[in-house]
Amino acid sequence: MDNHDNKSGDTLDAGIQRIEIDLARFDREPDADHMLILPTRNLVLFPGLTISFELGRETSLSLARFASETATPVGIVCQINPDEESPAITTGLYKYGVAADVLNIFERPDGTHSALVRARGKFRILGRSAQAPEAGALAARVKFIPDDTESSSFELELACEQIREVASRALADSDPNGMLPAIKQMKDNEMLVNFLCTNLPADTRLKNNMLSKTRLSDRAVALLGELNVFDERMRVTRDIMKRAHRSMEENQKNAFLQQQMEAIRETLYGDGDEADELLERASKAGMPEKVYTLFNKEIEKLRRYNPSSPDYSVLYSYLDTLVSLPWNKTTVSDATLDSATEILEADHYGLEKVKERIVEQLAMLLHNPDGRAPIICLVGAPGVGKTSIGKSVARALGRKYERVSFGGLHDEAEIRGHRRTYIGAMPGRIIDAIKRAGVKNPVLLLDELDKIGNDYKGDPAAALLEVLDPEQNCHFHDNYIDVDFDLSDVLFIATANTLSTIARPLLDRMEIIDISGYLLEEKIEIARRHLIPRLLETDRLQPEELQISDDALRHIISDYTAESGVRHLEKRLAAIARKAVLYKMQGKAFPAPVEASDLYGLLGLAPNRHDLYEGNEIAGVVTGLAWTEVGGEILLAESSLSASPQPTLTLTGKLGDVMKESATIAYQWVRSHAPELGIDPALFTKYSLHVHFPEGAVPKDGPSAGITIATSIVSTFLQRRVAPRMAMTGEITLRGKVLPVGGIREKILAAKRAGITDIVMSKDNRRDIDDMPPQYSDGLNFHYVDTVSDVLKLAITDEPVANPVEL
């Protein structure tokens, strides 16, 4: 390549000295009709300058040697396309160039050559030379055009002042070619302009345009414009370099401070790096890609915190929670249906319908482990085994078991978690239970679901809708971890004592399984199989040291407990076991076995005047059946008449609105059908009626006492006995229809405890009786009715009471 290559220092000085010695050789005038052309790739040479440049082509080197040896002037012309190897005279070269003498040729250490030339005048190419060129070089016809330096000397002077100023400013910080000292020494304006035009780093097209200008002042103005552009470019470059330098200094400073912080942290807290430990745990946690990206972002933030700062501990707790969650860890079970059934049978006595439904669900899970299990809700009185069934299901499936209590829960954040902006923030109870389980497919027991409340902090039941919906819980979002977690593999089992306080949308997402209370015989068997062995193990007693007869167990159940379950029974048996341990430590003899006669000395006075039938000697006393959260109870209704000029209906016994309405309907029905019932209608205008339900401190409500109240009112007005050992339950309408009610199984157990033999209920409740195991109905006679008249035909006898009131 024929590149611009400024020479400075000794080489140029030596060249100038040689020129002075041999200058006489280069006095030959150039031939305008036959000018040999030496093309350059990126050098536009201006008149009057001496400069060296590289000879990259063999043709250029040969021409330069010929010109140097024969002292023949050549034309230095820049080619338009620097990549072109053989430019043509008319199309490949700019139109303007300068005639120059090749003063010398130098060979460089790397084997390349450069030529030292002295520029003379400017010319314009007119076309090809008619003569054949020497050594295959290019030759052209040219016209010499001298520069005009006289016509605008004042304008030139002013322009050169600005050129010196701008050039000095632009080259102040960066002058790789060493032009600034030469500029300061130059007094000749023409030499200054041509020197800068040649050496200015500008496009060759612009330079050739400046070379074409005849008036030197015009060339100076054009140069000044290019210098201003160059100055602005240098200023921007300087700003960029300063910013880069500052950025580099800032990065170096941060790196240094980071090293110092690491050193201080190691000195204060040891060599352990908690961030690296978290990263190692995260790499094994199987996090989803989005979660892992978030984790890496937060771990970098953790590294910048001081371990003693509160922000560090908050962020560390959050990251520790993320890596502790079982994102991809499951329990692999080898359970079979036979083994699962054996576990359920071993852990629970009775509850055949419940166990059958649980076994069906277990069969589905074992058949299709990837299927979505429905949410099961076990509903029953306290102590009937709802929580223990959840444990048995987990053991039967070979899965981890965790319990989440919702009793008294009233804050939505307990379900969805607290946002990390709050002090003391933590994940919700669901995510916390998953974290404790250590696997993503545990059995999760949601205990006491009916005890959820709500206040200004939100409705937890609404938050549970997402948890208990198989279509949504695969993307459960906890506010604390702030990422989605898949709950679709979790087997949820909920428990409740009643459905009345559970929101309807929540009930729609669950499959309800009702767990009724136990029979007396079942409680005795449960005590033998489960309760007493557990007490022997807990209190470290031998079987012969704690023996209880069946008769004693029967009295404990009937006289010392009043429940559908066995929780209070276990407490009473635990009290007997403590007595056994006390007697053993004191060296006293303990009854073996414990009989019913020993219970007073061991347990004290029986607290229950249990639900016993009270006879039918008094008019208006009728036995009803009621359902409570702790099981079934008998409910006595009493009625009495008193003479009054303004008859009224009085209801007492802490009755609820529904029960008061039932009493009003019963009274109105009896009054409207008085003649049919044999009651004098005039009595309703002479006597006030008072209906009372004993145990006035106990709240009572519900519609199932309707036929009981109607029977009591008729018995009072007729002063006749009610059929012996009869109890009843059913709602009535103003037309006298008897409607079905719920809680039949619990009511039947209460009736059997009270010694009832006959039960009256709506004919629509027959299906409840047919669905029960035979042992529930053994010893009972059921009478199914459709109207209140049917009830009265069964319940009201023709026998008057012992001491009838004269009406």
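The values are calculated or read from the model by the stated rules, or taken from the named source; none is laboratory data. Just so you know, these numbers come straight off a predicted model, no measurement behind them. Don't worry about glycine lacking a Cβ; one is built from the backbone with ideal geometry, like all the others, and counts go over all protein chains shown. With ligands, DNA and RNA removed, areas are computed over all heavy atoms of the protein, side chains included. Shrake-Rupley method; radii C 1.70, N 1.55, O 1.52, S 1.80 Å.
Shape analysis of the stretch 348-489 based on the Cα gyration tensor places the equivalent ellipsoid semi-axes at 27, 18, 13 Å, largest first.
Applying both filters, DSSP loop and at most 13 other Cβ atoms within 10 Å, to the GluC sites (Glu not before Pro) of the stretch 389-474 gives Glu471. Relative to its residue count, the chain spans a Cα convex hull of 349 Å³ per residue. Value of Rg to Rh for the stretch 415-495, rounded to two decimals, is 0.94; Kirkwood radius and Rg both from alpha-carbon coordinates. A Cα-only calculation for the stretch 270-338 places Rg and Dmax at 15.7, 57 Å. Looking at the stretch 276-434, the accessible area is 51 square angstrom per residue; that uses a 1.4 Å probe and ignores ligands, DNA and RNA.
Would you mind calculating the gained length between Lys284 and Glu521 on full extension (0.36 nm times residue separation, minus the Cα-Cα distance), in nm to one decimal?
Result: 79.9 nm gained on full extension.
For the stretch 600-737, with all protein chains in place and a probe radius of 1.4 Å, 54% of the accessible heavy-atom surface sits on carbon or sulfur. Per-residue surface analysis assigns Leu294 an accessible area of about 50 Å², computed on protein heavy atoms at 1.4 Å probe radius. The angle separating the long axis of helix 274-284 from the principal Cα axis of greatest extent in the chain is about 70 degrees. Using every pair of separate Cα atoms, the Kirkwood estimate puts the hydrodynamic radius of the stretch 327-410 at 14.0 angstrom. Need the C-alpha centroid separation for the stretch 314-342 versus the stretch 512-530, integer Å. Here the answer is 33 Å between Cα centres. Straight-line cross-link partners of Lys435 among the lysines, defined as a Cα under 27 Å from its Cα and at least 8 positions apart when in the same chain: Lys284, Lys290, Lys297, Lys301, Lys329, Lys386, Lys391, Lys400, Lys451, Lys457.
Cα centroids of the stretch 66-125 and the stretch 191-219: how far apart, whole angstrom? Measuring centre to centre over Cα atoms gives 17 Å.
Per-residue surface analysis assigns Leu224 an accessible area of about 40 Å², computed on protein heavy atoms at 1.4 Å probe radius.
From the square roots a ≥ b ≥ c of the eigenvalues of the alpha-carbon gyration tensor of the stretch 288-377, which class results: rounded (a/c under 1.5), prolate (a/b over b/c), or oblate? It is prolate, given that a/c is not under 1.5 and a/b is the larger ratio. To the nearest µm²/s, what D does Stokes-Einstein give for the stretch 117-256 at 4 °C and 1.567 mPa s, using the Kirkwood radius over alpha carbon pairs as Rh? Roughly 73 µm²/s, to the nearest whole number. Overall shape: oblate for the stretch 81-161, with the ratio a/c of the largest to smallest alpha carbon gyration tensor axis at 1.5 or above and b/c at least equal to a/b. Per-residue packing, averaged as other Cβ atoms within 10 Å, sorts the ranges 692-701, 322-331, 725-734 into the order 725-734, 322-331, 692-701, beginning with the highest. For Lys654, the lysines whose Cα comes closer than 23 Å to its Cα, not counting residues fewer than 8 places off in the same chain, are Lys700, Lys747. With all projection directions averaged, the alpha carbon convex hull of the stretch 612-742 covers 7.9 nm².
Taking the helices alone, the chain has a mean residue ellipticity at 222 nm of -13000 deg cm²/dmol, built from -39,500 (n - 2.57) per DSSP H run of at least 4 residues and averaged over all its residues.
Other residues lying with their Cβ under 12 Å from the Cβ of Ala244 contribute a combined charge of +1, Lys and Arg counting +1, Asp and Glu -1.
Starting from the Cα gyration tensor of the stretch 412-459, take the square roots of the eigenvalues, sort them a ≥ b ≥ c, and report rounded, prolate or oblate (rounded when a/c is under 1.5, otherwise prolate if a/b is larger than b/c, else oblate).
The shape class here is oblate.
For the stretch 41-110, count all C-alpha to C-alpha pairs, find those more than 14 Å apart, and express that count as a whole percent of the total.
Working: 1521 of 2415 pairs.
Taking all Cα-Cα pairs of the stretch 41-110, the fraction more than 14 Å apart is 63 percent.
One quarter of the convex hull surface, Cα atoms only: what value does that give for the stretch 571-674 in nm²? Result: 11.1 nm². Amide H to amide H, with H built 1.01 Å from N, Arg128 comes under 5 Å of Arg141, counting only residues 5 or more places away or on other chains. Among the protein heavy atoms of the stretch 286-383, carbon and sulfur supply 52% of the accessible surface, probe 1.4 Å, non-protein parts ignored. So which lysines can Lys571 reach, going by Cα to Cα under 16 Å and dropping same-chain residues fewer than 8 places off? The qualifying lysines are Lys523, Lys579. For the chain, the residue among Gly706, Val384, Ser488 whose Cα projects farthest onto the positive side of the dipole built from Cβ charges is Gly706.
Note: the stretch 516-642, Cα convex hull, 127 Å³ per residue.
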